[in-house]
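The values are calculated or read from the model by the stated rules, or taken from the named source; none is laboratory data. Computed from a predicted structure; not experimentally measured. Cβ sites come from the backbone with ideal geometry, for glycine too, and all protein chains shown count toward neighbours. Heavy atoms of the whole protein, side chains included, go into the accessibility calculation; ligands, DNA and RNA do not. Shrake-Rupley method; radii C 1.70, N 1.55, O 1.52, S 1.80 Å.
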Amino acid sequence: MADKSIIINNLYGKNIVCKNGQAAVTLSPHTIKNGKVFIDDLTADSCEAGAIVAAGFLSAKKEQRDKKGNAINGHTYGYFDANSVISNLKVIYGTNAQLRPSRRPFVPCAQRNLISTHKNPDQESYTGPTIAGIIYFAKGGTRTDRGFYTVKTPGLELKNFPLVNGKMENKEFVASTKEFLTGCDKN
C-alpha cells in the first residue's frame, strides 16, 4: 500500500531564520514523490546546519522495506523535484546548536569539547557547535528510486567558522555518514 500523505509542490518560503536550533529548513521526503520547493533568504545562526536535505527513506518497522532496503508493499523512496532551490542561505557558526546524537560524529575533533554532556529538555538532542553549511544526504546520486535528488543551493554563505592553518575545519556540505570524523580520542 503506497503512502497517502499530502504531496508538497510549489512551496515558497522567504526570510526564514533559525537561532540555536537544528536548521532553518529541512526537506525530508520519506516515501513521497514531492514537487518543487523554492526557499530564499535564510539565516541559520548557531544551528546544527543551515539546511538539511534528507534522502527519501523507507521504514522497516512500518513494513515499507525488506532487510536489504528494497521497497515492499507498494512503497517507494520519496524525493523532491530536481528544480527545487534553497537560495541565499547564510550559516553563522555558533556553539548553541541543537545536535542530534547521530550527527555528533560530524563535529570536528577540536570542537568535540563544545558538545554538552547532558541532553536538552527534549531528552534527545545535545547543545553543541554548528556542523556544516548543509547536511545534504540526498546528494548521494540522481536515482530518485533510491531517494536521492538534487536541490540547487546558490548563494550559500558560511560565516565565523573556525579556521585551522587558514582552512575551515567544518565542511560546507556533509553528504554521507561515510564522512564521520574518527580518531578524535588519539593524541
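Looking at GLY140 and the list (1) open to solvent by 60 Å² or more (accessible area, probe 1.4 Å); (2) in contact with a Ser or Thr (Cβ under 7 Å, 6 or more places away or on another chain); (3) modelled with pLDDT under 90, which single condition is not satisfied?
(1)
Name, by its number, the condition in (1) on the phi > 0 side of the Ramachandran plot; (2) surrounded by 13 or more Cβ atoms within 10 Å (Cβ to Cβ); (3) not hydrophobic (A, V, I, L, M, F, W, C) that does not hold for GLN123.
GLN123 satisfies every listed condition except (2).
Taking region 2-18 only, how many residues are at pLDDT 95 or above, open to solvent by less than 80 Å² (accessible area, probe 1.4 Å) and aliphatic (A, V, I, L, M)?
1
Could you check, for region 106-114, whether at least one of its residues is out of contact with any Ser or Thr (no Cβ under 6 Å at 6 or more places or on another chain), in a helix (DSSP H, G or I) and closer than 26 Å to PHE148 by Cα?
yes
Report yes if some residue within region 52-61 is closer than 19 Å to PHE161 by Cβ and open to solvent by less than 50 Å² (accessible area, probe 1.4 Å); otherwise report no. Even if it seems obvious, please write down each step before you answer.
Let us first name the residues in region 52-61 that are closer than 19 Å to PHE161 by Cβ, namely 52.
Cutting the leftovers down to open to solvent by less than 50 Å² (accessible area, probe 1.4 Å) gives us 52.
Yes, region 52-61 has at least one match.
Being in contact with a Cys (Cβ under 9 Å, 6 or more places away or on another chain) and without any contact (Cβ under 8 Å) to a residue 24 or more places away in the chain is the filter here; which residues of region 155-185 pass it?
Within region 155-185, just ASP185 meets the criteria.
Return the residues of region 152-180 that are assigned to a helix (DSSP H, G or I) and within 14 Å of the chain's Cα centre (by Cα); say none if nothing qualifies.
Correct list: THR177, GLU179.
Quick one: count up the residues across region 20-51 that are of a type in the set (Lys, Arg) and modelled with pLDDT of 95 or more.
Let us first name the residues in region 20-51 that are of a type in the set (Lys, Arg), namely 33, 36.
Now drop any that are not modelled with pLDDT of 95 or more, which leaves 36.
So the answer is 1.
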